[in-house]
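Q: Shown below is the structure under consideration.
The values are calculated or read from the model by the stated rules, or taken from the named source; none is laboratory data. Everything quoted here is computed from the prediction, not taken from an experiment. Here the Cβ positions follow ideal geometry from the backbone for every residue, glycine too, while neighbour counts run over all protein chains shown. Heavy atoms of the whole protein, side chains included, go into the accessibility calculation; ligands, DNA and RNA do not. Shrake-Rupley method; radii C 1.70, N 1.55, O 1.52, S 1.80 Å.
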Amino acid sequence: MERLKKIRNFCIVAHIDHGKSTLADRLIEKTGTLAKRDMQEQLLDSMELEREKGITIKLTPTRMNYTFEGEEYILNLIDTPGHVDFTYEVSRSLAACEGAILIVDASQGVEAQTLANAYLAIDNNLEILPVINKIDLPSARTEEVKKEIEDVVGIPAMHAPCISAKDGTNIEDVLNMIVKEFPCPKGDDQKPLKCLIFDSFYDNFKGAICLIRVFDGKVKVGDKIKMMQTGKIYDVTEVGVFVPFAKSTEVLQSGDVGYLACSIKTISDVAVGDTVTSAINPTDEPLPGYKKVQPVVFCGIFPVDGAKYNELKESLEKLKLNDASLEFQPEVSQALGYGFRCGFLGLLHLEIITERLEREFNLDIITTAPSVFYHVYKTDGEMIELSNPSSLPIVVEIEYIEEPIVKASIFTPPQYVGAIMELCQEKRGVYKDLSYIDENRVKINYVLPLGEIIYDFFDSLKSRTKGYASFDYEIAGYEKSELVKVDILLNGEKCDALSIIVHKDKAYTRGRALTEKLKKIIPRQLFEVPIQAAIGGKIIARETISAMRKDVLAKCYGGDISRKRKLLEKQKEGKKRMRKIGSVEIPSEAFMSILKLDGED
Amino acid sequence: MLGVYIHIPFCQRKCNYCAFSSFVCDEKEVERYTQKLIEDINSFHNKYPQDRYKKVDTIFIGGGTPSLLPLNHFEKIVKALKDNFDVSDDYEFTIECNPNSLSEEKLSCYKKNGANRLSIGVQSLDDDELKFAGRIHDGEGAIKTIEMAKNYFDNISCDLLIGLKGMKKSKFLNGLDRLISLGVKHISAYMLQIEKGTVLEKMLKEGTESVPDEEECIEVYEETTKFLAEKGFSRYEVSNFAKEGYESRHNLKYWSGEEYVGFGLSAHGFLGDQRIACADRFDLYYKDEGMYCENLGNKEKIEEHIMLGLRCKIGVDKKYLMQLGYDIDKNNSLKDFIENGVIISGNDSKLFLNPQFYGVNNFIITSLLPD
């Protein structure tokens with residue numbers, strides 16, 4: 001098949017900030033897909049439009065044309081997210097490619113996610129092309145880094161293109177290597193249709209859109225297609241490619257990367273990882289799909305203004321349209337009222353979602369402390385899974401609890417090994433091994449409880465290593481652990497939204513830190529308010545907020561009643577941000593404050 | 001009956017903490033201003049011809065420093081008032097004054113023209129505190145002035161400031177005792193507020209001066225309240241204390257939602273359902289421009305009724321709120337407040353704020369406002 005020989009499907013993987021997006025931009029520019037002048041503007045415009053529609057294309061595929069030795073090639077670049085939380089999405093895009101560019105920062109060298117991403121690519125049988133970026137930096141140590149890649153990742157790197165994506169240096173080397181090194185796709189137009197849905201997003205006009213890689217056969221407007229997993233049949237209304245904007249084409253054939261629209265009403269009808277085939281002439285066997293991704297971090301999200309529950313619900317539904325990994329279900333809290341228990345791929349994912357709710361949907365929200373999924377074995381033999389501390393059964397009903405653990409690898413200059421080990425120790429880590437990558441870098445492996453990682457681990461690691469260490473982890477099952485629930489009582493009343501599950505050795509410190517923090521955050525009330533931390537019936541820490549003594553003794557300016565009234569109206573608005581536990585008013589920040597206890601004061 | 005407020009925006013010098021409309025002005029400006037005031041008083045009934053606006057029972061000349069006003073101007077203004085309004089037999093007529101600008105001549109003139117209440121800006125009897133505040137009188141001067149004023153007026157009120165630099169509890173209470181023994185019947189005690197754009201704000205920002213911390217001020221305020229109670233003064237409003245029968249009737253009008261008219265620069269009025277404020281710049285004021293008018297709807301009336309009623313002994317009328325469409329009994333906080341003695345539920349559908357909680361009335365009021 002001559003046509004296939006002119007196609008290269010590839011992605012770019014890298015540790016965060018090693019220059020993935022910059023290189024992608026350069027490739028688009030160099031191939032003339034977009035004029036330099038238009039790039040910024042057009043890309044931004046498109047983003048804004050997408051935002052209006054409530055969509056974001058996370059894995060953006062871009063089709064580029066490139067002439068090499070007189071022959072024209074089609075290069076399909078599939079963008080990937082660059083954070084450990086989204087490893088799953090990276091692996092999805094890898095399945096649609098034959099090659100992966102592995103970018104490594106010339107001064108930083110191999111980092112935790114360099115390795116993690118490289119392994120993902122190897123697992124997916126991709127050809128890996130290492131590229132050394134940022135050679136313009138004075139601190140660049142290009143040759144050493146090449147050796148590092150060979151030693152640590154275990155792939156040849158001596159002929160890796162050395163580039164500066166920022167300055168546009170040696171970009172053509174990369175393009176040439178893509179053509180030369182990456183295999184062309186295999187496939188047969190004559191066989192029954194077989195495509196992989198590697199992502200989807202929602203368009204208000206066209207419905208759910210599938211991002212696909214065609215492996216066999218072809219698909220065009222009017223075709224009847226079948227989703228092999230869901231069994232649903234649709235008429236294709238549009239096919240196209242991204243240049244980088246959606247542009248409809250007549251047909252997509254084997255080897256192509258593009259999109260497919262068929263008036264699918266809801267995004268949940270599109271299973272990412274599903275195989276699309278022809279309804280008339282179906283293929284026998286689907287492509288190997290993906291496992292459904294499981295959220296690992298959970299928290300409650302509540303509207304600050306209880307009346308905005310429905311708005312929050314609609315916003316989450318909109319986000320879910322383009323983010324199948326986001327999970328949520330209704331939750332009722334005594335303290336916070338109606339809201340949702342939400343599941344995320346990691347802390348970053350959690351942050352992104354909450355930020356989008358606030359920025360794009362203009363919602364004021366309260367998030368409760370992030371938690372993991374626990375396995376609680378009860379004395380009656382039943383096992384329940386929960387992430388919400390307030391759902392934990394009473395102590396006598398619990399036989400034991402298991403918590404999720406992760407295998408973590410940390411890359412660091414050797415001088416920080418002590419600090420990192422101390423941190424991992426504090427976080428209940430179990431040391432596995434340590435190896436020198438070269439004289440300047442060490443890789444340490446630990447097994448850590450996930451619950452400790454989501455609690456201030458990244459920040460501590462960063463501050464204790466001055467930002468030099470990098471970190472990656474993968475979920476590694478469940479382990480028994482001595483966990484207890486610490487409750488917070490305000491004026492003697494339990495505040496469910498402030499409960500946390502912690503290891504028993506830390507309960508005391510956390511309880512004390514929590515009460516101290518709350519004392520600072522909760523404003524004085526009309527009467528004295530005791531804040532207590534308790535395990536079961538036992539009080540482990542106590543603080544007291546003394547009663548408010550004054551909020552106004554100033555003159556009611558002559559007859560200027562309007563000014564005074566407006567001031568009060570404003571204060572009243574402020575009060576809407578407060579939650580009431582019994583007679584105690586708590587600012588919404590208090591609920592978030594428990595996320596950040598360590599490393600302060 | 002209508003209340004009348006007249007603003008005299010002139011001072012010998014502006015106090016360091018002052019954010020009111022007051023200016024140091026020359027004679028010509030004072031003349032022009034008086035003229036404008038008289039015009040406004042004369043034309044008031046053209047705009048407001050209703051009968052209820054003819055009869056007046058409280059007059060308050062405030063400032064600024066009204067006692068700076070040359071007596072001939074003062075008499076002209078009073079004449080204009082008498083020409084245009086029917087002053088009730090039982091009336092209250094207050095003049096605000098500064099200790100250093102009073103004289104036997106002035107006092108006698110005020111009395112002759114019908115004034116029956118003085119509000120004296122004492123602020124403090126401590127010379128250092130006064131100096132810090134930028135006042136031009138001293139403690140002894142203030143006492144002498146009060147002694148002199150006592151010969152003309154029975155109803156004397158003193159303004160005091162808590163929170164000036166150098167404040168001491170014992171000193172403050174001694175001063176208070178002195179004022180009471182001089183026969184002062186009414187005390188307005190305010191906590192010093194650092195207002196934007198004042199000299200004081202600048203001094204504090206630059207760090208050249210400091211003021212006592214809030215805890216200390218609250219302590220003094222609480223002691224003051226206690227002390228005044230012992231001396232037979234009732235706290236009838238957040239910042240106001242009076243012997244029986246000496247409450248400021250004019251100020252009570254503000255809090256009870258009664259009507260009043262304001263003449264002069266930045267003077268406020270409440271007529272019909274309209275809150276009015278004159279311009280706070282001379283140029284605009286002279287051209288009758290820059291007026292602020294706000295028509296109160298039910299929502300605003302409800303808010304005002306709660307906010308004003310709870311800051312003084314007048315209280316809140318549940319029936320009135322109900323007429324305006326707010327069933328305050330449905331408010332979640334009210335029950336708690338009543339149970340804890342914060343709000344006192346009187347007979348005939350009235351609610352009062354327990355004076356013990358006057359200092360935190362913002363918190364309580366905002367909890368009781370409708371959503």
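Q: For region A:343-384, which positions are in a loop (DSSP other than H, G, I, E, B) and of a type in the set (Gly, Ala, Ser)?
A: Passing the criteria: A:Gly346, A:Ala369, A:Gly381.
Q: Being among the acidic types (Asp, Glu), touching a residue at least 24 places away in the same chain (Cβ under 8 Å) and within 17 Å of A:Ile475 (Cα to Cα): is that true of A:Glu385 here?
A: When the stated conditions are applied, A:Glu385 does not pass them.
Q: Sticking with this structure for a sec: When the residues of region A:525-554 are filtered to those that are assigned to a loop (DSSP other than H, G, I, E, B) and among the charged types (D, E, K, R), which remaining residue is farthest from the other protein chains (Cβ to nearest Cβ)? Break it down into steps so the answer makes sense when it comes.
A: Taking region A:525-554 first, the residues assigned to a loop (DSSP other than H, G, I, E, B) are A:525-528, A:536-537, A:546-554.
Going one step further and asking which of them are among the charged types (D, E, K, R), we end up with A:528, A:549-551.
Details: A:Glu528: 12, A:Arg549: 5, A:Lys550: 5, A:Asp551: 4 Å.
That would be A:Glu528.
Q: Something else about it: What number of residues within region B:106-128 are closer than 23 Å to B:Asp57 by Cβ, crowded, with 20+ Cβ neighbours inside 10 Å and not hydrophobic (A, V, I, L, M, F, W, C)?
A: 3
Q: Name the pairs whose Cβ atoms lie under 9 Å apart, with the first residue in region A:221-250 and surrounded by 14 or more Cβ atoms within 10 Å (Cβ to Cβ) and at pLDDT below 90, the second in a loop (DSSP other than H, G, I, E, B) and small (Gly, Ala, Ser), and 6 or more positions between them or separate chains?
A: The qualifying pairs are A:Gln229/A:Ala271; A:Gln229/A:Gly273; A:Gln229/A:Gly289.
Q: Turning to a different aspect of this structure: Against the definition (within 13 Å of another protein chain (Cβ to nearest Cβ), out of contact with any Cys (no Cβ under 9 Å at 6 or more places or on another chain), without any contact (Cβ under 8 Å) to a residue 40 or more places away in the chain and among the β-branched types (Val, Ile, Thr)), how does B:Ile306 come out, yes or no? Spell out how you get there, then give the answer.
A: Working: within 13 Å of another protein chain (Cβ to nearest Cβ): yes; out of contact with any Cys (no Cβ under 9 Å at 6 or more places or on another chain): yes; without any contact (Cβ under 8 Å) to a residue 40 or more places away in the chain: no; among the β-branched types (Val, Ile, Thr): yes.
When the stated conditions are applied, B:Ile306 does not pass them.
Residue-by-condition table, conditions (1) more than 24 Å from A:Pro404 (Cβ to Cβ); (2) open to solvent by 10 Å² or more (accessible area, probe 1.4 Å):
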| residue | (1), (2) |
| --- | --- |
| A:Glu482 | no, yes |
| A:Gly511 | no, no |
| A:Leu518 | yes, no |
| A:Ala533 | yes, no |
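Q: Restricting the search to region A:125-139, which residues are open to solvent by 50 Å² or more (accessible area, probe 1.4 Å), assigned to a loop (DSSP other than H, G, I, E, B) and under 28 Å from A:Thr67 (Cα atoms)? Step through it out loud before you land on a result.
A: Looking only at region A:125-139, we keep the residues that are open to solvent by 50 Å² or more (accessible area, probe 1.4 Å), and these are A:125, A:127, A:134-139.
From the residues that got through so far, the ones that are assigned to a loop (DSSP other than H, G, I, E, B) too are A:125, A:134-139.
Listed by number, the residues that qualify are A:Asn125, A:Lys134, A:Ile135, A:Asp136.
Q: While we're here: Could you please find all residues in region B:29-39 being without any contact (Cβ under 8 Å) to a residue 24 or more places away in the chain and under 12 Å from B:His73 (Cβ atoms)? Write out each step before concluding.
A: Applying the first criterion (without any contact (Cβ under 8 Å) to a residue 24 or more places away in the chain) to region B:29-39 yields B:35, B:39.
Answer for region B:29-39, where residues must be without any contact (Cβ under 8 Å) to a residue 24 or more places away in the chain and under 12 Å from B:His73 (Cβ atoms): just B:Gln35.
Q: Quick check on my filter: what residues within region A:261-277 are more than 23 Å from the chain's Cα centre (by Cα), of a type outside the set (S, T, N, Q) and within 13 Å of A:Lys194 (Cα to Cα)? Walk me through how you get there before you give the answer.
A: Step one: list which residues in region A:261-277 are more than 23 Å from the chain's Cα centre (by Cα), which gives A:261-265, A:275-277.
Within this subset, residues satisfying the condition of being of a type outside the set (S, T, N, Q) are A:261-262, A:264-265, A:276.
Correct list: A:Val276 only.
Q: May I ask you to list the residues in region B:129-148 that are basic (Lys, Arg) and either farther than 17 Å from B:Cys11 by Cβ or open to solvent by 40 Å² or more (accessible area, probe 1.4 Å) (or both)? Walk me through how you get there before you give the answer.
A: If we filter region B:129-148 for residues that are basic (Lys, Arg), which is where we start, we get B:131, B:135, B:144.
Result: B:Lys131, B:Lys144.
Q: Please go through region A:435-449 and give me each residue that is open to solvent by less than 60 Å² (accessible area, probe 1.4 Å), over 23 Å from the mean Cα position of the chain (by Cα) and not acidic (Asp, Glu), ordered by number. Outline the logic, then answer.
A: Our first condition is that a residue be open to solvent by less than 60 Å² (accessible area, probe 1.4 Å); within region A:435-449, this holds for A:435, A:437-438, A:441-449.
This time we only want the ones that are over 23 Å from the mean Cα position of the chain (by Cα), so: A:435, A:437-438, A:441-444.
Correct list: A:Ser435, A:Ile437, A:Arg441, A:Val442, A:Lys443, A:Ile444.
Q: Separate question: Of the residues that sit in region A:140-166 and are of a type in the set (A, V, I, L, M, F, W, C) and more than 16 Å from A:Ile101 (Cβ to Cβ), which one is most open to solvent (accessible area, probe 1.4 Å)? Give the steps one after another, and end with the answer.
A: Step one: of region A:140-166, the residues of a type in the set (A, V, I, L, M, F, W, C) are A:140, A:145, A:149, A:152-153, A:155, A:157-158, A:160, A:162-163, A:165.
Subsequent filtering for residues that are more than 16 Å from A:Ile101 (Cβ to Cβ) retains A:140, A:152, A:158.
Values: A:Ala140: 30, A:Val152: 28, A:Met158: 86 Å².
By that ranking, first place goes to A:Met158.
Q: Just to be sure, is B:Lys168 more than 24 Å from B:Phe233 (Cβ to Cβ) and either of a type outside the set (Phe, Trp, Tyr) or open to solvent by less than 10 Å² (accessible area, probe 1.4 Å) (or both)? Break it down stepwise before answering.
A: On the way: more than 24 Å from B:Phe233 (Cβ to Cβ): no; either of a type outside the set (Phe, Trp, Tyr) or open to solvent by less than 10 Å² (accessible area, probe 1.4 Å) (or both): yes.
Judged against the criteria, B:Lys168 is not a match.
Q: Quick check on this structure: which one of B:Leu2, B:Leu69 is more than 14 Å from chain A (Cβ to nearest Cβ) and surrounded by 23 or more Cβ atoms within 10 Å (Cβ to Cβ)? It would help to see each step written out before you state the result.
A: Details: B:Leu2 fails: more than 14 Å from chain A (Cβ to nearest Cβ).
Result of the check over B:Leu2, B:Leu69: B:Leu69.
Q: Additional query: How many residues does region A:488-509 contain that are farther than 15 Å from A:Pro449 by Cα, surrounded by fewer than 20 Cβ atoms within 10 Å (Cβ to Cβ) and touching a Gly at 6+ places or on another chain (Cβ under 9 Å)?
A: 3
Q: Go through (1) farther than 30 Å from A:Phe471 by Cβ; (2) surrounded by 15 or more Cβ atoms within 10 Å (Cβ to Cβ); (3) of a type in the set (A, V, I, L, M) for A:Val395 and report which single condition fails.
A: (2) is the only condition that A:Val395 fails.
Q: So, one more: Would you check if there is a residue in region B:321-328 being within 14 Å of chain A (Cβ to nearest Cβ), of a type in the set (Ser, Thr, Tyr) and in contact (Cβ under 8 Å) with a residue 12 or more places away in the chain?
A: Checked against the condition, which is being within 14 Å of chain A (Cβ to nearest Cβ), of a type in the set (Ser, Thr, Tyr) and in contact (Cβ under 8 Å) with a residue 12 or more places away in the chain, region B:321-328 yields at least one hit.
Q: Quick one: how many residues across region B:40-51 are outside any loop (DSSP other than H, G, I, E, B) and either surrounded by 14 or more Cβ atoms within 10 Å (Cβ to Cβ) or touching a residue at least 24 places away in the same chain (Cβ under 8 Å) (or both)?
A: Residues flagged as outside any loop (DSSP other than H, G, I, E, B) and either surrounded by 14 or more Cβ atoms within 10 Å (Cβ to Cβ) or touching a residue at least 24 places away in the same chain (Cβ under 8 Å) (or both) within region B:40-51 amount to 5.
Q: Can I ask one more? Count, please, the residues in region B:149-159 that happen to be in contact (Cβ under 8 Å) with a residue 40 or more places away in the chain and surrounded by 15 or more Cβ atoms within 10 Å (Cβ to Cβ). Working first, answer last.
A: Step one: filter region B:149-159 for residues in contact (Cβ under 8 Å) with a residue 40 or more places away in the chain, giving B:149, B:151-153, B:155, B:157, B:159.
Within this subset, residues satisfying the condition of being surrounded by 15 or more Cβ atoms within 10 Å (Cβ to Cβ) are B:149, B:152-153, B:155, B:157, B:159.
Matching residues across region B:149-159 total 6.
Q: Quick one: count up the residues across region A:283-332 that are open to solvent by 30 Å² or more (accessible area, probe 1.4 Å) and polar (S, T, N, Q). Outline the logic, then answer.
A: To start, the set of residues in region A:283-332 that are open to solvent by 30 Å² or more (accessible area, probe 1.4 Å) comprises A:284-292, A:294, A:305-311, A:313-314, A:317-318, A:320-321, A:324, A:327-330, A:332.
When the remaining residues are screened for being polar (S, T, N, Q), the result is A:294, A:310, A:329.
Here the count works out to 3.
Q: Which condition does A:Glu181 not pass, out of (1) under 22 Å from A:Tyr73 (Cα atoms); (2) open to solvent by less than 70 Å² (accessible area, probe 1.4 Å); (3) acidic (Asp, Glu), if it passes all the others?
A: Status for A:Glu181: all satisfied but (2).
Q: Oh, and also: Please go through region A:205-237 and give me each residue that is outside any strand (DSSP E or B) and in contact with an Asp or Glu (Cβ under 9 Å, 6 or more places away or on another chain), ordered by number.
A: Pass one, region A:205-237, residues outside any strand (DSSP E or B): A:205-206, A:217, A:221-223, A:228-232, A:236-237.
Passing the criteria: A:Lys206, A:Gly217, A:Val221, A:Gly222, A:Asp223, A:Met228, A:Gln229, A:Thr230, A:Lys232, A:Val236.
Q: Looking at this structure, is B:Glu223 surrounded by 15 or more Cβ atoms within 10 Å (Cβ to Cβ), in the same structural domain as B:Asn240 (by TED's automatic domain parsing) and free of Cβ contacts under 8 Å to residues at least 24 places away in the same chain?
A: Working: surrounded by 15 or more Cβ atoms within 10 Å (Cβ to Cβ): yes; in the same structural domain as B:Asn240 (by TED's automatic domain parsing): yes; free of Cβ contacts under 8 Å to residues at least 24 places away in the same chain: no.
Judged against the criteria, B:Glu223 is not a match.
Q: Identify the single condition in (1) closer than 16 Å to A:Pro61 by Cα; (2) assigned to a loop (DSSP other than H, G, I, E, B); (3) open to solvent by 10 Å² or more (accessible area, probe 1.4 Å) that A:Ile280 does not satisfy, given that it satisfies every other one.
A: (1)
Q: While we're on this one: Could you list, in sequence order, the residues of region B:247-289 that are more than 13 Å from every other protein chain (Cβ to nearest Cβ) and touching a residue at least 60 places away in the same chain (Cβ under 8 Å)?
A: B:Glu247, B:Arg249, B:Phe282, B:Tyr285, B:Tyr286
Q: Every residue in region B:231-246 that is open to solvent by 20 Å² or more (accessible area, probe 1.4 Å) and either within 8 Å of chain A (Cβ to nearest Cβ) or on the phi > 0 side of the Ramachandran plot (or both), please.
A: At the first step, the residues of region B:231-246 found to be open to solvent by 20 Å² or more (accessible area, probe 1.4 Å) are B:231-232, B:234-235, B:243-246.
Hits for region B:231-246 are B:Gly232, B:Gly245.
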